[in-house]
DNA sequence: CGACGTGTAAC
DNA sequence: CCTTTTACACGTCG
């Protein structure tokens, strides 16, 4: 079945929203930052307008780097107000829902839309739908977005990247091969620096070389699953449906005011994070079975420790489990100093109407039914 | 197979 | 000089 899929990507979303509500920064390059709080400018850039990008400022960059690039220029640096961005995002997604047969929100500023039905399988009709979306987003929220249209999510996503900001790129099924021809593998969605380097070692530099490469050799290097996935993508094939996914995990990270290996000092931060995670789990009405603590040492190396228990939605269960995991980790790694800590709950189950963790009944007397 | 820890990727 | 959140795959162990 031939599909028509849109990928809608809001342009430098956070920075654009701040521009809209602060008249005084309009026209200036705008940079949205996550301040970690250990020194005045410690932290990273989260979003930058295109004017800021012209100066070389990019998301992910340390704030001090960005300030150096901004030098004597008049650049606005603002902190992240995620609550506000989420409110606007929710309104945006409502607009998109009205314009699609099915929607899959992939992040606060991105969504896939299946418009196969309402476009009548017609690419020009799909383009008109996209133009309508761009107009509504502009009229109703004052924002621009970039839209890619393709026969699947992979091609739609890569098409939306092709022209931005305020772009609209259509790649019909008949144009996929041409669209991917001679593209460096790194530009294929899902291939980052490590995979690109591994492919390079096999002499593979472009997407078409990857598509034609002997699968057996790819499997030796990447394992069967990833090898097949890589080659499917290189051919522009992606059969995954546009569908809303249930979250699999909830996590929160934070940076310590100063490096530490002291259980109590670290635990203060853990308490904040646990409260956040519990609130979010309550909001989503889920319980969890697995609790993890994520530890980033001063060398920025990540360590995780986790434990699976009976389903719960209780904050004290998190604190109790994390405390024992963390205490054990610090014992076993004497001398290590931690910079950042996080907690994660996973193995999620939806609570039932009585507020009892669903899945818990399995542990209450009846025994395990229906399991082979 | 489930649980656990690590790595990759994208936002 | 360095954020945050989520997903997923793989190896290993018992």
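Read-outs: derived from the displayed coordinates by stated rules, not from any lab. These figures come from a predicted structure and were not determined experimentally. Cβ placement follows ideal geometry from the backbone for every residue including glycine, while neighbour counts extend to all protein chains displayed.
Given the options A:44, A:111, A:265, state which has the largest fluctuation in a GNM of chain A using a 10 Å cut-off (strictly under) for Cα springs.
Its mean-square fluctuation being the largest, the pick is A:265.
Region A:181-234: D in µm²/s via Stokes-Einstein (Kirkwood Rh, Cα pairs, 25 °C, 0.890 mPa s)? Before the final figure, lay out each step's value.
Details: Rh = 10.6 Å.
Rounded to a whole number, D works out at 231 µm²/s.
Give the Kirkwood hydrodynamic radius (Å, one decimal) of region A:1-92, defined as one over the mean of 1/r across all pairs of different Cα atoms.
Details: mean 1/r = 0.0711 Å⁻¹.
Answer for region A:1-92: a Kirkwood hydrodynamic radius of 14.1 Å.
Using only Cα atoms, figure out Rg for chain A and give it as a multiple of 2.2 N^0.38 Å.
Working: Rg = 23.5 Å, N = 372, 2.2 N^0.38 = 20.9 Å.
Dividing the Cα Rg of chain A by 2.2 N^0.38 Å gives 1.13.
Given Cα pairs under 8 Å that are at least 6 residues apart, what percent is the relative contact order of chain A?
Relative CO of chain A lands at 14 percent.
Per residue, what volume in Å³ does the convex hull of the Cα atoms of region A:284-336 enclose?
On the way: hull volume 4.4 nm³, N = 53.
Dividing the Cα hull volume of region A:284-336 by its residue count gives 83 Å³.
Of the candidates A:326, A:78, A:215, which one comes out as most mobile in a Gaussian network treatment of chain A with C-alpha springs shorter than 10 Å?
A:215
May I ask for the equivalent-ellipsoid semi-axes of region A:137-176, computed as the square root of five times each C-alpha gyration tensor eigenvalue and listed largest first in whole Å?
Working: eigenvalues 96, 15, 11 Å².
Calculated on Cα positions only, the semi-axes equal 22, 9, 7 Å.
Gap in Å between the Cα centre of region A:228-273 and the Cα centre of region A:286-350?
Using only Cα atoms, the two centres lie 13 Å from each other.
With a Förster radius of 25 Å, plug the Cβ-Cβ distance of residue A:71 and residue A:21 into 1/(1 + (r/R0)^6) and report the FRET value to the nearest 0.05. Mind dumping the intermediate values first?
On the way: r = 26 Å, r/R0 = 1.06.
With R0 = 25 Å, the Cβ-Cβ based efficiency is 0.40.
Please state the relative contact order of region A:181-277 as a whole percent: Cα pairs under 8 Å, 6+ residues apart? Present the calculation step by step, with values, prior to reporting the outcome.
Details: 61 pairs, mean separation 18.9, N = 97.
Rounded, it is 19 percent for region A:181-277.
Set the Förster radius R0 to 41 Å, insert the Cβ-Cβ distance between residue A:82 and residue A:177 as r into 1/(1 + (r/R0)^6), and round the FRET efficiency to 0.05. Mind showing how you got there, number by number?
Values: r = 41 Å, r/R0 = 0.99.
The formula returns an efficiency of 0.50 here.
Can you give me the distance in nm between label points at residue A:237 and residue A:198, each placed 7 Å from the Cα along the Cα-to-Cβ direction?
2.0 nm
What is the extension gain from residue A:94 to residue A:314, computed as 0.36 nm multiplied by their sequence separation minus the C-alpha to C-alpha distance, in nm to one decimal? It would help to have the intermediate numbers written out before the result.
Numbers: separation 220, 0.36 × 220 = 79.20 nm, distance 3.20 nm.
Residue separation times 0.36 nm, minus the Cα-Cα distance, leaves 76.0 nm.
What is the projected area of the convex hull of the Cα atoms of region A:100-202, averaged over all directions, in nm²? Don't skip to the end; give the middle numbers.
On the way: hull surface 29.7 nm².
Its average projected convex-hull area is 7.4 nm².
Write down the radius of gyration of region A:249-368 and its Dmax, each obtained from C-alpha positions, in Å.
Over region A:249-368's Cα set, Rg and Dmax evaluate to 15.3, 50 Å.
Which whole-angstrom value gives the distance between the alpha carbon centres of region A:118-197 and region A:1-78?
Taking the Cα centre of region A:1-78 as reference, the centre of region A:118-197 is 22 Å away.
Given springs between every Cα pair under 10 Å in a Gaussian network model of chain A, which of A:237, A:318, A:217 has the largest fluctuation?
A:217
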